Amino acid sequence: MSGNPPVVMRLVASAYKVAEKAGAIVRKVLHSGELGIVEKTGANDLQTMADRLAQQSICESLSRHFPKITIIGEEDLPPEKVQEDLIETGQAEEILQRSCPDEFKEVKEEELVVWVDPLDGTKEYTEASRCLRLGAVTQIPHKGSDTSRAHSTALWLLDNVTVLIGIAYGGRAIAGVINQPFYNYQLGAEATLGRTIWGILGLGAFGFKLQEVPEDRRIVTTTRSHSNKVVTDCVNAMEPHDVIRVGGAGNKIIQLIEGKASAYVFASPGCKKWDTCAPEVILHAVGGKLTDMYGKPYCYHADVKHMNSAGVLAALRNHEYYVSRVPPSVLQALKND
Ligand code: AMP
Ligand code: MG
Ligand code: MG
């Protein structure tokens, strides 16, 4: 491509590399075994050294490159100098080569808002670490080894972990990057660990193979660590053939686009804008929909409330069916929160 690509393309190209770097940080902290866990609002709302370092890496790398962009990260960190080895300056060439959708060609740097979840699925990340250490395993074992069977739970939990970088313009989530640091852990070799999925509205989503659950099956994916009666009542109201309970908003959207689940149902406050911004774009870029439990879209302006108080309802197909099944009692309970 001749000339300087539009800022949206340059930002996504940087976010891709920055998310890869953050994913490597998440792996390194797990291997070190020193998680430095801090409880934020309680035992189910945790922060680790990986959350802190990955956020520093993402926010500092992007703000050096794009100083006029508003960047909002999940973690509340004291202002301090970020170590130089956390800075990523690269850009994904493959993304720079793509043509920008017309509607984003003239977007200015100062009009963009970036929502950062440096580690989505922290609860599962800490549980996986505990399982691995109980077995005194320092390396992630590969499938088929004896340790693999003993630690299958820990390894399954690591799939729940993602790094999320969402980009909004005019209040709309328009581009996003998801890094899954432990993808392919079965193969064992560090070189093959992890993958990065990215997408832009009007261009598409890349880095995975789109698959769908058969039309006659309803598989609902929901939280495993933040459930309550309202969440369960709402899942049951969907009349699912099967229910999967996993961690992470990013992970659940990956399940939707890879044919493992038909709908993501979470009738509770708890998810924040940094949880849904990037996943929403990836889902929308392939024709799916993410809304609150009323079927209303979320807004991603810089000054919006962080909490997604009216829950999360997402599906690759037939989103309107799931909205129609939400019981009035569930909507009433969400209103009171
Ligand atoms: P989950 O599906 O439970 O993994 O939640 C998806 C995302 O929303 C994760 O980043 C969680 O930390 C966050 N989340 C959901 N519910 C809560 C809650 N009750 N308290 C804190 N964070 C929550
Ligand atoms: Mg999260
Ligand atoms: Mg997080």
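The values are calculated or read from the model by the stated rules, or taken from the named source; none is laboratory data. These numbers were taken from a predicted model, which means no experiment stands behind them. We place every Cβ from the backbone using ideal geometry, glycine too, and count neighbours over all the protein chains shown. Remember, those area values only see protein heavy atoms, side chains included, never the ligands or the DNA or RNA. Shrake-Rupley method; radii C 1.70, N 1.55, O 1.52, S 1.80 Å.
The set of residues in the range 40-67 being hydrophobic (A, V, I, L, M, F, W, C) and either surrounded by 15 or more Cβ atoms within 10 Å (Cβ to Cβ) or within 15 Å of ligand 3 (Cβ to nearest atom) (or both) consists of L46, M49, A50, L53, A54, I58, C59, L62, F66.
Among the residues of the range 261-279, those that are open to solvent by 10 Å² or more (accessible area, probe 1.4 Å) and of a type in the set (D, E, K, R) comprise K272, D275.
Does any residue of the range 285-304 turn out to be surrounded by fewer than 17 Cβ atoms within 10 Å (Cβ to Cβ), within 16 Å of ligand 3 (Cβ to nearest atom) and more than 20 Å from G199 (Cα to Cα)? The answer is no; no qualifying residue exists.
Can we say E94 is surrounded by fewer than 15 Cβ atoms within 10 Å (Cβ to Cβ), of a type outside the set (K, R) and part of a helix (DSSP H, G or I)? Spelling it out, E94 is indeed surrounded by fewer than 15 Cβ atoms within 10 Å (Cβ to Cβ), of a type outside the set (K, R) and part of a helix (DSSP H, G or I).
Just checking, does the range 240-248 include any residue being touching a Gly at 6+ places or on another chain (Cβ under 8 Å), within 16 Å of ligand 3 (Cβ to nearest atom) and open to solvent by less than 80 Å² (accessible area, probe 1.4 Å)? Can you show your working first?
Just the residues of the range 240-248 that are touching a Gly at 6+ places or on another chain (Cβ under 8 Å), to begin with: 247-248.
Keeping just the survivors that are within 16 Å of ligand 3 (Cβ to nearest atom) gives 247-248.
Going one step further and asking which of them are open to solvent by less than 80 Å² (accessible area, probe 1.4 Å), we end up with 247-248.
Looking through the range 240-248, at least one residue is touching a Gly at 6+ places or on another chain (Cβ under 8 Å), within 16 Å of ligand 3 (Cβ to nearest atom) and open to solvent by less than 80 Å² (accessible area, probe 1.4 Å).
Scanning the range 204-249 for residues that are charged (D, E, K, R) and in a loop (DSSP other than H, G, I, E, B) returns K209, E212, E215, D216, R217, R218, R224, E239. Residues that are closer than 25 Å to R195 by Cα and of a type in the set (V, I, T) number at least 2 in the following strands (runs of 3 or more DSSP E) confined to the range 1-90: 70-73.
From E258, E215, which residue is under 24 Å from G295 (Cα atoms) and surrounded by fewer than 16 Cβ atoms within 10 Å (Cβ to Cβ)?
Details: E258 fails: surrounded by fewer than 16 Cβ atoms within 10 Å (Cβ to Cβ).
The match here is E215.
Would you say C299 is more than 16 Å from ligand 1 (Cβ to nearest atom) and of a type in the set (A, V, I, L, M, F, W, C)? Considered against the rule, which asks whether it is more than 16 Å from ligand 1 (Cβ to nearest atom) and of a type in the set (A, V, I, L, M, F, W, C), C299 comes out as yes.
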